[in-house]
Amino acid sequence: MALSTITDIRDIVIIVMGLIGVVSAAVFLLFTIVLGWMTFRLLRTTRQTFGEGVPPLLEQARETMQSVKGTAEFLGESAAGPVIRAYGAAAGIQRALRTLGRRDG
């Protein structure tokens, strides 16, 4: 059988294109299955991470916030309080001296 005729070449091209289509469909199906499996694994891992990792992290953040709040209150009472009182006393003394210095007489 000689492949010299147009119909024989056409038949071979049709068969080759059909095989390419079947192989392409199989590769696409395999790709879709792998992509779905990877997506499922990613979702499961994400759920585990948020379920196990986030609550302890939030608890640590809450503890840190309480510590910072306590530190700020301590500094406000022990550092800023005396400075404010000293400035208040200095302003009072200055006002008193100014008042005493003005003698209308």
query = Can you list, bin by bin at 10 Å, the percent of alpha carbon pairs in the range 1-50, starting at 0?
reply = 22, 23, 17, 15, 11, 7, 3
query = Going toward the positive end of the dipole of the range 14-105, with +1 on Lys and Arg Cβ and -1 on Asp and Glu Cβ, which of S67, T49, L35 do you reach last?
reply = S67
inquiry  = Can you show me the helix-derived [θ] at 222 nm for the chain, built from DSSP H runs with n ≥ 4 at -39,500 (n - 2.57) apiece and divided by the number of residues, rounded to the nearest 500.
reply    = -32500 deg cm²/dmol
query = What do you get for Rg/Rh over the chain if you use C-alpha atoms and the Kirkwood form of Rh?
reply = 1.81
task = Please determine, in degrees from 0 to 90 and to the nearest 10, the orientation of helix 81-101 with respect to the longest principal axis defined by the Cα atoms of the chain, where the helix direction is its Cα long axis.
result = 40
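Name the longest site-free stretch of the chain, where the excluded sites are trypsin sites (Lys or Arg not before Pro) in a DSSP loop with no more than 13 other beta-carbon atoms within 10 Å.
On the way: sites that count: R102, R103.
The reported range is 1-101.
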ask   = Helix 6-75 versus the longest principal axis of the chain: what angle, 0 to 90°, nearest 10, using Cα atoms?
value = 10
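Bear in mind that the values in this text are calculations on the coordinates, not laboratory data. Remember, predicted model here, so these are calculated numbers, not experimental data. Virtual Cβ from ideal backbone geometry, glycine too; neighbours counted across all protein chains shown.
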